[in-house]
Amino acid sequence: MEYSLRLSRLAAALKEHGLFKEAVNCPEELLFPSLSYDSRSVEEGSLFICKGLGFRAEYLENALRKGAACYLAEERFYWDAPALLVTDVRRALAVAAAEYYGLPAQKLHLVGLTGTKGKTTTTYFIKNILDAALPYRSAVLSTVEMYTGGESTEAHLTTPESLELHACFADALAHGIHYLTMEVSSQAYKHERAYGTPYEVGLFLNISEDHIGPLEHPDFEDYFRCKLRLMENCRTAVIFKGCDRFEEILAVAKAHAERVLVYGEDPTCDLWVEDIQKERPGFSFTIVTKESRLPCRIRMEGRFNVMNALAAATAARALGVEDRFIVSGMENVAVQGRMNCFEKDGRTVIVDYAHNFLSFTELFRSLREDYPGQPIKVLCGCPGHKNQKRRVDIGRLCGQYADFVYLTAEDPGFEDPAEICREMAGYIEERHSRYVIIPDRTEAAERAIRETKPGEILILAGKGEEDYQKVSGRYDYYESDLAIARRCLKIQ
């Protein structure tokens, strides 16, 4: 399908959002056949968007040389070139993208999820429920994949840039898909990728300090405020009652959403769970409302996934999905790299994406309750140039809960992975010194699996299904924790 955007229509939309400053040398009948913020992809007649901390004037010069008809920016760079000047170029990009693709978000049933942990798993609980209820596969934008009706593709951003995001919305509609579930990261609002996107249902799963650092959020309050914006942009808000800062989240939701649903573990909620029983694999439980009781079963490990399933059921109810599809849709959910459990010769190896304080805390507590008395080993690391507090938190949690720790590389970036491991080791040593540092992650995973004895549990944490390591600005191939576990255990 071909798209285009007339300058007069874009200017009107920018004025509606309070973003328009002025149009310079721009004929109103100007028609843009494409939008781009990368000068390498500019076509004849494109609108070029000057955005990003790393933007340089030579990018615009190259775009104009390649035929860009106009540029969108917060300031004027060239006096003789047509320009649309705005107060916030990132928000303006989101508005332009939505207008260019014909406002596709308004034609979709959009479900957005935010939280410090559980977004991906809950996304797939919702997607599977929708797939059970609909005559077609619903669309999904997650950390794991992007699917809008064609081939599934790998995702490198939790939430795509706004231009790609609205392209995904339009592609879903072009494939006849009207339901899309997506993860909405704090960075999506920090950098205005999700600006102006309306969600039929927005879920706030939990909040804990994470993503604090010079390249992410300056402090927790900024992180929290960014996540809260989902509650300002959804028709129905779904909130976990056990979430930190619950009352603040609830107040914002009530001020903006048409309806608020609360889920949790007690009868003060709109939906709550009772009768949680450990199964092999997974859990059985009952979803309860003041009018009904719904027996359910999931096959995913991790007691916290019961609450993720309840969040999904609450969202599905908000969308009008029948209970029978909720039950059948959630039963066999399996997410690559999330609580994938392998049992071989009495050994249990779990591959999980746990990578912050909240996810490690819930994981360790669940394993202690569901596998009482069994020794727990863990392989983990921390990313370079990310929230420094993760190294403290994960090191201390491993010292508190794990019987042995294999410290290794996890997206070290421009840092020395061995140095990151040594820093984490200092916090493990507050409890014990049963750890080893093996910077090569493949070597570390193979050794950890080899040394796991019958009756022991090994967690490969932090990378899940990802088949790359972020090293010195590159994406270097890595077999993935999931593939290594299957290979070493000889499990297909």
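The values are calculated or read from the model by the stated rules, or taken from the named source; none is laboratory data. All values derive from a computational prediction rather than experimental measurement. Cβ: placed from backbone, ideal geometry, glycine included. Neighbour counts: every protein chain shown. Areas reflect the complete protein model, heavy atoms only, side chains present, ligands, DNA and RNA absent. Shrake-Rupley method; radii C 1.70, N 1.55, O 1.52, S 1.80 Å.
Side notes on the structure shown:
- Residue within the range 20-32 that is among the small types (Gly, Ala, Ser), at pLDDT 95 or above and out of contact with any Gly (no Cβ under 7 Å at 6 or more places or on another chain) present: no
- Condition check for Gly67: over 27 Å from Ala188 (Cα atoms), in contact with a strand residue (DSSP E or B) (Cβ under 7 Å, 6 or more places away or on another chain), part of a loop (DSSP other than H, G, I, E, B) and not hydrophobic (A, V, I, L, M, F, W, C): no
- For Pro27, the criteria (1) open to solvent by less than 70 Å² (accessible area, probe 1.4 Å); (2) of a type outside the set (A, V, I, L, M); (3) in a strand (DSSP E or B) hold in every case but one, which is (3).
- Boolean, Arg317 is touching a residue at least 24 places away in the same chain (Cβ under 8 Å) and more than 19 Å from the chain's Cα centre (by Cα): yes
- Each residue in the range 86-115 was checked for being open to solvent by less than 10 Å² (accessible area, probe 1.4 Å), more than 17 Å from Ala139 (Cα to Cα) and not in a helix (DSSP H, G or I), and 3 pass.
- Scope the range 398-410; condition farther than 18 Å from Val471 by Cα and either within 20 Å of the chain's Cα centre (by Cα) or open to solvent by less than 10 Å² (accessible area, probe 1.4 Å) (or both); matching residues: Cys398, Gly399, Ala402, Val405, Tyr406
- Filter result for Asn308 (under 25 Å from the mean Cα position of the chain (by Cα) and at pLDDT below 95): no
- Matching residues in the range 387-406 - criterion: being outside any loop (DSSP other than H, G, I, E, B) and among the small types (Gly, Ala, Ser): Gly395, Gly399
- Within the range 472-492, tally of residues that are assigned to a helix (DSSP H, G or I) and charged (D, E, K, R): 3
- The set of residues from the range 145-185 being within 16 Å of the chain's Cα centre (by Cα), of a type outside the set (A, V, I, L, M, F, W, C) and part of a helix (DSSP H, G or I) comprises Ser162, Glu164.
- Residue within the range 133-153 that is touching a Lys or Arg at 6+ places or on another chain (Cβ under 6 Å), in contact (Cβ under 8 Å) with a residue 24 or more places away in the chain, open to solvent by less than 10 Å² (accessible area, probe 1.4 Å) and over 25 Å from Leu93 (Cβ atoms) present: yes
- Leading residue by the ranking (farthest from Gly395 (Cα to Cα)) among those in the range 415-426 that are surrounded by fewer than 22 Cβ atoms within 10 Å (Cβ to Cβ) and aliphatic (A, V, I, L, M): Ala418
- Every pair of residues 6+ apart whose Cβ atoms lie under 6 Å, when the first sits in the range 363-375 and is over 15 Å from Gln277 (Cα atoms) while the second is crowded, with 17+ Cβ neighbours inside 10 Å: Leu363/Ala354; Phe364/Tyr401; Gln374/Ile457; Pro375/Glu456
- Evaluation of Phe48 against (1) open to solvent by less than 70 Å² (accessible area, probe 1.4 Å); (2) part of a loop (DSSP other than H, G, I, E, B); (3) in contact (Cβ under 8 Å) with a residue 24 or more places away in the chain; (4) not aliphatic (A, V, I, L, M) (one fails), failing number: (2)
- Within the range 1-19, restricting attention to residues that are more than 17 Å from Ala94 (Cβ to Cβ) and surrounded by fewer than 20 Cβ atoms within 10 Å (Cβ to Cβ), the residue that is modelled with the lowest pLDDT is Met1.
- Reported count of residues in the range 336-353, each being of a type in the set (Val, Ile, Thr) and under 24 Å from the mean Cα position of the chain (by Cα), is 2.
- Going through (1) open to solvent by 20 Å² or more (accessible area, probe 1.4 Å); (2) within 25 Å of Leu35 (Cα to Cα); (3) touching a residue at least 12 places away in the same chain (Cβ under 8 Å) one by one, Glu164 falls short only on (3).
- Residues located in the range 376-394, provided they are in contact with a Gly (Cβ under 7 Å, 6 or more places away or on another chain) and closer than 26 Å to Ala485 by Cα: Cys380, Gly381, Pro383, Gly384
- Residue satisfying condition, being of a type in the set (A, V, I, L, M, F, W, C) and not in a strand (DSSP E or B), within set Ile249, Ile239: Ile249
- Test result for Ser34, of a type in the set (Ser, Thr, Tyr), under 22 Å from Gln106 (Cα atoms) and open to solvent by less than 40 Å² (accessible area, probe 1.4 Å): yes
- Residue match in the range 243-255 (condition: farther than 21 Å from Leu271 by Cβ, open to solvent by less than 80 Å² (accessible area, probe 1.4 Å) and at pLDDT 95 or above): yes
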